[in-house]
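Engineer: One structure, as structure tokens, below. Some questions next.
Bear in mind that the values in this text are calculations on the coordinates, not laboratory data. Just so it is clear, the structure is predicted and the values come from calculations on it, not from any experiment. Reconstructed Cβ throughout: ideal geometry from the backbone, glycine too, with neighbour counts over all protein chains shown.
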Amino acid sequence: MSEKNTFLTETQEKVLRLRNKGLTQAEVARELDSSRANICNIEKRAKKNIGKARETLMLAEKIESPVSVIIEPGEDILDAAKKLFRAADEEGIRVSLDTPELVSEIQSNANKKLDGRRASEEIKLFLNSKGDVIVS
């Protein structure tokens, strides 16, 4: 059942599978002959490991992205979108979003770094080879 070379132990995998089937922690504990507190800890560590794995994958995606654009504080995100499209054209990559969608993506993912349409702090845009945009 368990996949090798993952960040989850076999027990963590079992607990998550049972919890995803709708079992309570107490029910999982009975099935695995453990305590509810232990199941709670196992589930918590598993979710933390999954979070770290996702963050690692996102970092790898950023590192491998052929295009990156920095939005400087005070810069209008509409101008930044134009910069990203120019950089994408230079690399021969078609951005999967149009301008309004890109502006919306920036607003959704960097809202705390924006004051209206202007960046209040540095925002980084990454474009992977498939044309997907990552806002950081």
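Engineer: Which one, Asn38, Leu16, Ala60, is farthest towards the positive end of the dipole of segment 10-60 when Lys and Arg carry +1 and Asp and Glu -1 on their Cβ?
Structural biologist: So the residue furthest toward the plus end is Ala60.
Engineer: Would you please name the GluC sites (Glu not before Pro) within segment 99-132 that are DSSP coil residues with at most 15 other C-beta atoms within 10 Å of their C-beta?
Structural biologist: Answer by residue number: Glu121, Glu122.
Engineer: Please give the calculated 222 nm ellipticity per residue for the chain, where each DSSP H segment of at least 4 residues contributes -39500 (n - 2.57) and the sum is spread over every residue; nearest 500 deg cm²/dmol?
Structural biologist: Calculated at 222 nm, the ellipticity per residue is -17500 deg cm²/dmol.
Engineer: Shifting gears a bit: Write out the GluC sites (Glu not before Pro) in segment 1-53 meeting two conditions: DSSP loop, and at most 10 other Cβ atoms within 10 Å of their Cβ.
Structural biologist: Loop-located and lightly packed - Glu3.
Engineer: Ok, one more. Which whole-Hz ³J(HN,Hα) couplings does segment 69-81 yield from phi under the Karplus relation 6.51 cos²θ - 1.76 cosθ + 1.60, θ = phi - 60°, glycine and proline marked x?
Structural biologist: 9, 9, 9, 7, x, x, 7, 6, 5, 5, 5, 5, 4
Engineer: For the pairs Lys14/Lys48; Lys14/Lys62; Lys4/Lys62; Lys52/Lys113; Lys14/Lys44, note any where the Cα-Cα span goes beyond 20 Å.
Structural biologist: Flagged as over cut-off: Lys14/Lys62; Lys4/Lys62; Lys52/Lys113.
Engineer: If each Cα of the chain is one equal point scatterer, what is log10 of I(q)/I(0) from the Debye formula at q = 0.15 Å⁻¹?
Structural biologist: Each listed q corresponds, in turn, to -0.76.
Engineer: Let me ask something else about it. How many nm separate the modelled label positions at Asn5 and Glu64, each set 7 Å beyond the Cα in the direction of the Cβ?
Structural biologist: Between Asn5 and Glu64, the simple spin-label model gives 1.4 nm.
Engineer: A further question follows. Are there trypsin sites (Lys or Arg not before Pro) in segment 67-105 that DSSP puts in a loop and that have at most 15 other Cβ atoms within 10 Å, and which ones?
Structural biologist: Passing sites in segment 67-105 are Arg94.
Engineer: Kindly write out, for segment 56-67 in residue order, the coupling ³J(HN,Hα) from the Karplus curve 6.51 cos²θ - 1.76 cosθ + 1.60 (θ = phi - 60°), rounded to whole Hz, with x marking Gly and Pro.
Structural biologist: With the stated coefficients, segment 56-67 comes to 5, 4, 5, 5, 4, 4, 5, 4, 7, 5, x, 10 Hz.
Engineer: What's the percent breakdown of Cα-Cα distances in segment 1-81 across 5 Å bins, shortest bin first?
Structural biologist: 3, 14, 17, 15, 11, 9, 7, 6, 8, 7, 3, 1
Engineer: Give, rounded to the nearest 20 debye, the magnitude of the charge dipole that the chain has about its Cα centre when Lys and Arg contribute +1 at Cβ and Asp and Glu contribute -1 at Cβ.
Structural biologist: Rounded to the nearest 20 debye, it is 760 debye.
Engineer: Oh, and also: Placing +1 at every Lys and Arg Cβ and -1 at every Asp and Glu Cβ, with all other atoms neutral, what dipole size does segment 69-117 have around its Cα centre, in debye to the nearest 20?
Structural biologist: So the dipole magnitude of segment 69-117 works out to roughly 120 debye.
Engineer: Here's a follow-up. Can you give the log10 of the normalised intensity I(q)/I(0) at q = 0.16 Å⁻¹, computed with Debye over equal Cα scatterers of segment 65-135?
Structural biologist: So the normalised log intensities are -0.45.
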